[in-house]
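Heads up: the structure comes next, in structure tokens.
Nothing in this text is a laboratory measurement; each read-out follows from the coordinates by a stated rule. As the structure is a prediction and not an experimental result, all values here were calculated from the model. Glycine gets a Cβ as well: all are built from the backbone with ideal geometry, and neighbour counts include every protein chain shown.
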Amino acid sequence: MKMVESSEEEDDFPSMESVTPQSKIDTIYQSKTEKGIRKICFELLDLKDAVENLCSNTLTKYSAFLRLSDEVVEMKHELNELRKHISSQGILVQDLMGGVCRELEEWSQISGDIQEVQDSLQACEINDMVSTEVEGRRMQFLDHIDVLLAEHKIEEAIEAIDAEERSYPELKSSGEASAVDASFKSALLKSKTLLENQLVEISQQPLVGILELKMVLSGLLKLGKGPLAHQIFLKSYGSRLQRSIEDFLALCPCYPETYSATLSNLVFSMISLTTKESGLMFGDNPVYNNKIVQWAEWEIESLVRLVKENAPPSETASALRAASVCVQASLNHCSTLESQGLKLSKLLLVLLQPYVEEVLELNFRRARRVVLDLVGSDESISLSPRFASPLSTFATSSDTMLVDCGMRFIFVVKEIVEQLTHLVILHFGGNILMRIAQLFNKYVDFLIKALAGPSEDDNLTELKEPVPYKAETDSQQLALLGTAFTIAEELLPMVISRIWNVLNESKEAGIAVADNILPAGHNSLDPKDWRRQLQHSLDKLRDHFCRQYVLSFIYSRDGETRLGGQIYLDGKGEDLIRNSDPLPSLPFQALFGKLQQLAAVAGDILLGREKIQKVLLARLTETVVMWLSDEQEFWGVLEHDSAPLRPVGLQQLILDMHFTVEIARYAGYPSRHLHKIASDIIARAIKAFSTRGIDPQRYFWFIYIAKCHHHPFISLY
């Protein structure tokens, strides 16, 4: 037994030295592989059963679907049978009515009116036959319409209904009808409602074509739904326009100056097409025409909004060009549409006016910055020799900054004018010219700042601001004046000649812009008034120069006056009448010399501009006597009760005044105004001296001599 147990233990726990036979290994792994294959086979069989069940379920459901379809067809058939049954019931009712007629016949026979009953019976029979025939035909008609609706044969259904209504106009009437007619009309109305819904559904499809749309609109018109058809018509054309605009808007940044014209073409072309198509489809109906006008006005409002939203910055020249092109293109289209009965010009101008004025205002603000901000402006300018040469002549006599300022003025005005189209000038030309005149006035104010000396006029409020340039010498100041006069009298008229040409041509041709609602001044401006504004600015500059020049002559740097009333109190010696060669007082001799010196400089600086030279020197002379006439301190000395007046003082003053007049006459710029002021000064002086007991009669001969003879002192120069 022990030996047996020992052997069993050895079998269960083989020794390390023992080796498993290959046959046993093959048997073990072969059995495992067979088990795996069997398991996979079972799984495949289960999958096969599942697929068969799925196919069976699908076939079952498909069979159910087919049965359901058959049931629907059968139900339709039963519905038709039911309608036939109703028809037969109607026939039965007619038979009952016939029975009633027969009852009436019997009663009539009882009453003895046999012939009458027979006629009534015959009529009833005829009516029964007609009613039965009509009812049957109507039922067939409704069945036919139902079949057409089920098969979506919309056009055939509409034609059938339209033919039926033309054959029986009472179907369209709203009066009372019999029960049978009312039932048929109700059924027909339901069919028309179904057709209307189908047509509307077709029109709402995103890719509906032109032919399909026309079919829908024609069908709605035949169904008596004209307002709905016109509404769908406008909505469809509006959608087409919107798609075209959306496709183009992505390209707007590529065409900053012309995009507005393209938008205008898209909008007004669609308005024109819509108007034509509406007339063809809906006729000349005032209601529909009003709808077209309202729709067109709404589209124009959208156009203006799109132009604003996609425009370049309003202060740029590109924005002004875009606005001008938009006005030009849109007004041209409006003129074309007037032949179609649409008058949209007024509305367009009302909508575009604020935008155009905003762009103009911002462009002229930019122009002021370009002209006046010489230090901070980086904008480059390029002028043709035609405009640059007249200003370049002043560059050698003054700082280049002054000439640059004048060139910038001409450049920016020329740039603005070049952006304007013909119709913009026609409707906004007056407004633009006024803005140019205001810009020139600002430019003149800037020049006045450059002229102001250490004793500026307190009335010039803006002169306290710092200026980048000061004209101190005579040549610099004359160059400054020459620049301003050259711009106003030579260059600016050339730049704006295009505006005047358009306005004058329209005026001569009798083009009426009175119909537009823009305020006065937008399109009408008298050239004389405009030039008068420029001249006013030039006069302001010239008068400021003359005043500063005269004040610098009259007052010394210490503030003491060289031309006071005291010079006519200190006179000694005999009367000037006895003097064969009386001389003007020293201040007036110095004035004459200073004017001669200035005239020489002006001859070089303002070469070829003799008119400016003469006007300037005449105004300088006038300024001297005007100052003398208004200076209260001067007259306070002469008119004071304690003033030691002597006849020689009056004679000297008379001589000085006529000497001043003689200067102007000798230099070739005589002035009536100067002569009048000098005469007033003499008259006031005579009055002041006569109140002190000095008889002026004895000096009238001296006055005559002073008037009639050139003073030899002048010839010395």
| query | Straight-line reach from K676: which lysines have Cα under 25 Å away, leaving out those fewer than 8 places along the same chain? | reply | K540, K594, K611, K614, K687, K707
| Mean Cβ neighbour count within 10 Å, used as a protection proxy, ranking 535-542, 384-391, 54-61, 320-327 highest first | 320-327, 535-542, 384-391, 54-61
| message | Taking amide H atoms as placed 1.01 Å from N in the peptide plane, list the residues 5 or more away in sequence, or in a different chain, whose amide H sits under 5 Å from that of Y555. | response | R562
| request: Can you spot the lysines whose alpha carbon is less than 27 Å from K291's alpha carbon? Ignore those fewer than 8 places along the same chain. | output: K172, K192, K214, K222, K225, K235, K276, K308, K343, K346
| task | Report, in whole Å, the centroid distance computed from the Cα atoms of segment 191-232 and segment 252-304. | result | 22
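Peptides 436-446, 190-200, 244-254: what's the order by average Cβ count within 10 Å, highest mean first?
Details: 436-446: 19.7, 190-200: 16.7, 244-254: 12.6.
The peptides rank, most packed first, as 436-446, 190-200, 244-254.
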